[in-house]
Structures are given as structure tokens and as C-alpha cells.
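To start, the structure itself, in C-alpha cells.
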Amino acid sequence: MKVQFWGVRGSIPSPGPTTQKYGGNTACIELRVGADDRIIIIDAGSGIRHLGNAIMANDLPKGPIVADIFLSHTHWDHIMGYPFFTPIYIPGSKLRVHGPVSFEDDPLEEVVGGQMKYRYFPVNLGELASEVEHIRLKEDPSIDLGDGLLLSTKLLNHPITALGYRFEYEGKVVCTCYDTEPFRNLFITDPEDPAYDEAMAFEGGEVAVEQNLAIEQFFAGADLLIHDAQYTDAEYSERINWGHSTIEQAIAAANRAGVKKLALFHHDPDRTDSALDEMATVYCAPGKFGNTEVFFAREGMEIVL
């Protein structure tokens, strides 16, 4: 398997002179699998436009484009590049768009394609020349994608339904775990508070521990884990419940789970190249935080497993 990052930024694209090294495009990851270079795309943030251009140049000359797109969730920064993904306009292209939705009455096609209406975009979803299938996903421990590629999905902790993905092929594992933050006790834990309920407080704590353990088990032993790391611990206190993790939380969880390589991902849009470089000297020093190899994801970076 080969992984390439086309967008590593969180929340909103942030192009400019201070983000050129790590990149300003929102989430998009390319996974190539097997000798046939099967195309798996994780998220359709603004980075998918450049990926689409690369596919047009390198894959289309070999024959019709066939690809699977897996959306972690449908917040706009993770789907906004979809209308600019050139292969969807090419006759003969076959695309399968997989992902969760948060409301039973809204199909995935409506959620993703809703941005392709004339009031927002000059091309309507129904005018695409490609063949597009939409597949709704839920948490599932075992999905056979064919050709020896296996997938597991895991619900994450985000304001809308979001999924982590675990791809396994010939003994190698790539996991994504973003947008998410650690589960915590949602009940009042202060015995002095008039609304305190001892049983509820205890159960809330147990559930949080259980869910955090389940997520770590989900990416346990991964060869590569791509994990949310939008904040630092110092920044997090003002951003609780925003649905994102800290660098320290991601590293600690990866070490506990025996992850081999950890890509810190979903960089805050205000995080500059110089800031990330400085943080890399702290967080990415070999062996400083355990046995996991830690690095900040960067547009254009390739990892071969």
C-alpha cells in the first residue's frame, strides 16, 4: 500500500506564504493498493482537486477511472473539493462514494451532492458524465472490499456522525482517526453540585473509558495511523467538545496501542509552517514519547508500506 497526502489542513483551506511547506488544503488522502494500483480516496476536501488532476494525467491514459471515495463525515471542509474532482465529469469513470450521514431522512447522495445545485455551483449533480454510486456506511468491524482489501469502521467523537477507517491488505494496516476527540464523562461529577447523581456520574465515567479503549483497540498495531491533532493540550481547554484532539492525546494513544507510524493530521488553519517546524522538534524527536515514529503530515508526502 502507498499513501499520499493531498490535503492535511482542518476546518478551512488556508493557502498563503506561511503554509506553503505543510500545505493549506483540507483533508484528502490517496491510498494505492496492490499491483493494480487500486485507487482509494479518503475525504474530498479541497486537496482532492489536485489529486483529480494527477489521476487525469497518470491513470486516465491507461483506461477508464475506477475509484472508491471514503468520507470520514460530511462537514464542508471534508466534501468541499468534490465538485472540483475532474474524474466525475469524465464519461466512463466509475466512482463509489462511501460515508456516514447523521439524519435518517437524508441520503448520502443528497448530503454530498447538495452543494452541486445551481444556487451554489454551475453544474448540477444530475449532469455528471461519470457513473457514481453512493454507499452509506455505519460502524462495522468487517467489510470485504474485494481483492484482499478489508475495511473496518469505527464511530468517532465529533458533533456529527464521523467514522474512522482501518484498511488492511496483505498484513499491512492503515488507519484514519479524525475528526475526533477523547470521550469524556458528560454528567456532573462534583458531589457539591445540587444536580449531582452518583450513579449517573459513575456510569458516565465508565462509558467514556470504554469508548476511548474501543478506539485505541480499533487502531491497535497499525503500520500507519493518521490521527487528528489540531490542538495542543494548552489550547484544548477552550475547545472542548469541538470534536478535535490534541497532539499529546494522539501520541499517547498511539503509543498505548502499539502504532508503528503516527501522522499528526488536520492542522489548525492558523498553524504556520514555522510553528509546525518548531513543534516537530518537540513532538517528533525519536524515542522522546515512546516507540511510535511521529511526524506532521504534509501535502505531497508519500509513505509506502
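Any residue in the range 77-102 that is farther than 18 Å from K62 by Cβ sitting within a Cβ distance under 8 Å of a residue that is among the polar types (S, T, N, Q) and in a strand (DSSP E or B)? List the pairs, counting only those 6 or more apart or interchain.
Close Cβ pairs satisfying both conditions: D77/T26; H78/T26; M80/T26; G81/T26.
So which residues in the range 16-30 are touching a residue at least 12 places away in the same chain (Cβ under 8 Å) and not hydroxyl-bearing (S, T, Y), if there are any at all?
Passing the criteria: Q20, K21, G23, G24, N25, A27, C28, I29, E30.
Considering only residues that are surrounded by fewer than 24 Cβ atoms within 10 Å (Cβ to Cβ), outside any strand (DSSP E or B) and charged (D, E, K, R), which ones fall in the range 33-52?
Answer for the range 33-52, where residues must be surrounded by fewer than 24 Cβ atoms within 10 Å (Cβ to Cβ), outside any strand (DSSP E or B) and charged (D, E, K, R): D36, D37, R49.
Search the range 136-187 for residues being aromatic (F, W, Y) and under 22 Å from R38 (Cβ atoms), and hand back the single one that is surrounded by the most Cβ atoms within 10 Å (Cβ to Cβ).
Y165
Every residue, every condition in (1) modelled with pLDDT of 95 or more; (2) touching a Lys or Arg at 6+ places or on another chain (Cβ under 8 Å); (3) closer than 21 Å to V282 by Cβ, yes or no:
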site	(1), (2), (3)
A201	no, no, no
G204	no, no, no
V209	no, no, no
F219	yes, yes, no
A222	yes, yes, no
D228	yes, no, yes
Y231	yes, yes, yes
R239	no, no, yes
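Name the pairs whose Cβ atoms lie under 6 Å apart, with the first residue in the range 163-181 and closer than 18 Å to D147 by Cα, the second crowded, with 24+ Cβ neighbours inside 10 Å and polar (S, T, N, Q), and 6 or more positions between them or separate chains?
Partner pairs satisfying both residue conditions: Y165/T176.
Does the range 241-251 contain any residue that is out of contact with any helix residue (DSSP H, G or I) (no Cβ under 9 Å at 6 or more places or on another chain), without any contact (Cβ under 8 Å) to a residue 60 or more places away in the chain, polar (S, T, N, Q) and surrounded by fewer than 16 Cβ atoms within 10 Å (Cβ to Cβ)?
no
Suppose we filter the range 273-305 for residues that are touching a Phe, Trp or Tyr at 6+ places or on another chain (Cβ under 9 Å) and assigned to a loop (DSSP other than H, G, I, E, B); how many remain?
Counting residues in the range 273-305 that are touching a Phe, Trp or Tyr at 6+ places or on another chain (Cβ under 9 Å) and assigned to a loop (DSSP other than H, G, I, E, B) gives 8.
Restricting the range 252-270 to residues that are in contact (Cβ under 8 Å) with a residue 40 or more places away in the chain and among the basic types (K, R), which is surrounded by the most Cβ atoms within 10 Å (Cβ to Cβ)?
K261
Within the range 53-66, work out how many residues are out of contact with any Ser or Thr (no Cβ under 8 Å at 6 or more places or on another chain) and assigned to a strand (DSSP E or B).
Count: 0.
The values are calculated or read from the model by the stated rules, or taken from the named source; none is laboratory data. Quick caveat: nothing in here was measured; it's all calculated off a predicted structure. For neighbour counting, all protein chains shown are included, and Cβ atoms are generated from backbone atoms with ideal geometry for every residue, glycine included.
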